[in-house]
Structure formats: C-alpha cells, structure tokens
Amino acid sequence: MAQKKALITGITGQDGSYLAELLLKKGYQVFGMFRRSSNDPFDRIRNILGKIQVMGGDLTDQASMLEIIKKVHPDEVYNLAAQSFVPTSWEQPILTGEVTALGVTRILEAIRHVDPKIKFYNAASSEMFGKVTQTPQNESTPFYPRSPYGVSKVYGFYITKNYRESYGMFAVNGILFNHESPRRGLQFVTRKISHGVACIKLGLQKELLLGNLDAKRDWGYAPEYTEAMHLMMQHKHPEDFVIATGEMHSVREFCEAAFTHAGLDYRDYVKTDPLFLRPAEVDLLVGDISKAKKLLGWQPKVKCRELAELMVDADLALMKGAHKPQSLS
C-alpha cells in the first residue's frame, strides 16, 4: 500500500506541529505550508524539520494554493492556518475575513480543480457559537458569533459543508473548543497565565494583567484534539464533529489552578485591565461530545487543572533555561 501524503496548512502553529508529529508516527509523508516572513517561524517544528517538507504559501493567494495542491497531490489536506487571535480580528477584520473565511474557499477550489477525491479537514471553532442559545453546544446548536473571527469561522464551516454537499467531496469540519498546550502563543489567555506564573515565581515580573476573569471556557489538551482531527478523516462518511472536554471553567479558575501549582495565590498578582476586554464578550462555551464519543471513539483525558499544571511546569522550565547564568568559558 502506498504511503499516505498529508498537507497541513499552518504547520508552524500549535495544532500544526502536534498534527505533523502524529501523522509522522502513523507513517504519513507530511508536507507543510507556511506563510513566509522575515522572522524564523519554525520554532515549534524544529525537531521534525528533517522529516517533513515545508513550502511557502498563503491563504490569500489562489495561485499558490493551486500550485501546492498540484505539486503535493496529497491524500488529505488539514487546513489549520488562520488569523486565529480573536482580539486581532477586531483590529483587522478585513484581513481576518480574507484569511480565515475566504482562505477555506481557495483551498477547496484548488482541491476541486486538481482532484476532488482529496480529503479535506477544516478547523472550525467554538467561537462560532458565540452568544450561546443552548448549553452545552453540539453539532446542531445555532451559531451566533460575537467577533469577526467567529463570523469568519462560520463562513468557513458553511463553505466546507457546501462543497461536500454540492460536489460530493470528503470535506469535514472539526468544531474544536479551546485547546491549549505549552506551544500555545503567548497572546492567548491560558499561555499568558502559565507564562506569567513562571515569570512571577522566578521574580521576573510582579503582576499579571488580564481581561474578563469570569468568562467560562471548555479547555482541552491540543495533542489529543489533533488525534480527533485524524479520526474524522478516517471516518467512513464525511461529517462534522464537536471536540471538547464537556467541562466548563472560568479564567479565574484557570488562574487559581496555575498559581496554586507554583505555590502562589493568584489574588496577590492578577489585575483586571479594561484593555483586554472584548467589544462583544463570549460569556460561556462548553461542548457536548456525544457524537465524537459514539462515532469516532474519541474522548479527552487531560482536563483543565492538569492542563494548567503541565503548562506552568513547561514555562518554568523554559524561563529557567532562558535565564541561566552564561558560562565564562
């Protein structure tokens, strides 16, 4: 049997790096698309750079998408690239729409023209639910996005479904709730907290400024969520799935778990700054994973407190390493 080929857009991000590692273990030939920049984007995938092939491309450029799909001719495409930071979507709503919404269409069009039998995974988001109309949220819950990012993800969701139903393509949406790890970007609240805890513990900063401490989210562990992505692509029929833990915790609870793990009281260090409040807040998100459990056999193992603790441990190790005294030899 021929070796399977997978193309991952956004391979340099948190999810892309974990997915690449997973697919390599499963014997795939892995190709990754990244957006060229003057900075080194390969930090998260440096350990596997010799095992994968990376190529420059951009979701805003149809020609580059078509060329990459033609060149690689993958069995599976995982679209994980996006402008994925919600606050930035308020500052750059048009760019967010170009990348996070229309970018999905550009990939689907490239697949349709090269080979409609190529399987396609689209990273949808719990932010599509926004101002929730029911709790917990499942695959049938109506969308009510509360940010340009959420609106863009709704477009991506429906255009993926549209191509599946119109052209018979194997195209699926993973409605992933918040998923975190030590590889999460520093601008995301969970990593901001774990990194802040490490810096405070080591005496490198005195306080941590956050936004709405009462916002509630369903936080899971990113490597487990990439396993769910792969399972969706191996399922007999192309279907959309909610992936979550089914547990809801506030930002305040995450702070408490992270600071306590380092022997600190979050109330001594955490301050609320209006700068970090959203124009339209999403108050609570929690997923119902009944369908994924039943049809994919998937369920999460790492829950919120354990996640906070492992992220703090990773950031403490990182910061200790970064601040070791330099040898004079």
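For region 75-100, the set of residues classified as surrounded by 20 or more Cβ atoms within 10 Å (Cβ to Cβ), of a type in the set (Gly, Ala, Ser) and in contact with a Pro (Cβ under 9 Å, 6 or more places away or on another chain) consists of SER89 only. Suppose we keep only residues that are in a helix (DSSP H, G or I) and without any contact (Cβ under 8 Å) to a residue 40 or more places away in the chain within region 49-64. Which one would you say is surrounded by the fewest Cβ atoms within 10 Å (Cβ to Cβ)? By that ranking, first place goes to GLY50. Where residues in region 27-48 are open to solvent by 30 Å² or more (accessible area, probe 1.4 Å) and touching a Lys or Arg at 6+ places or on another chain (Cβ under 8 Å), which of them is modelled with the lowest pLDDT? It comes out as PRO41.
Counting the residues of region 210-258 that are in contact with a strand residue (DSSP E or B) (Cβ under 7 Å, 6 or more places away or on another chain) and open to solvent by 60 Å² or more (accessible area, probe 1.4 Å) gives 3. Screening the candidates TYR78, TYR18 for the property of being of a type in the set (Phe, Trp, Tyr), in contact with a Ser or Thr (Cβ under 9 Å, 6 or more places away or on another chain) and outside any helix (DSSP H, G or I) yields one hit, TYR78.
Yes/no per residue for (1) under 17 Å from the mean Cα position of the chain (by Cα); (2) assigned to a strand (DSSP E or B); (3) of a type in the set (Val, Ile, Thr):
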| site | (1), (2), (3) |
| --- | --- |
| LEU66 | no, no, no |
| LEU95 | no, no, no |
| GLY103 | yes, no, no |
| ILE107 | no, no, yes |
| ILE111 | no, no, yes |
| LYS117 | no, no, no |
| ALA123 | yes, yes, no |
| LYS131 | no, no, no |
| MET169 | no, no, no |
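So, in region 56-74, exactly how many residues are at pLDDT 95 or above, touching a helix residue (DSSP H, G or I) at 6+ places or on another chain (Cβ under 6 Å) and among the charged types (D, E, K, R)? So the count comes out to 1.
Taken over region 214-272, the criterion of being β-branched (Val, Ile, Thr), closer than 17 Å to ASP15 by Cβ and either over 21 Å from the mean Cα position of the chain (by Cα) or in a helix (DSSP H, G or I) (or both) is satisfied by THR226 alone.
Against the definition (open to solvent by 20 Å² or more (accessible area, probe 1.4 Å), out of contact with any Lys or Arg (no Cβ under 6 Å at 6 or more places or on another chain) and at pLDDT 95 or above), how does LEU275 come out, yes or no? In short, no.
The values are calculated or read from the model by the stated rules, or taken from the named source; none is laboratory data. In this text the structure is predicted, and so the values were computed from the model without any measurement. With ideal geometry, Cβ positions are generated from the backbone for all residues, glycine too; neighbour counts draw on all protein chains shown. These area figures cover heavy atoms from the full protein model, side chains too; ligands, DNA and RNA do not enter into them. Shrake-Rupley method; radii C 1.70, N 1.55, O 1.52, S 1.80 Å.
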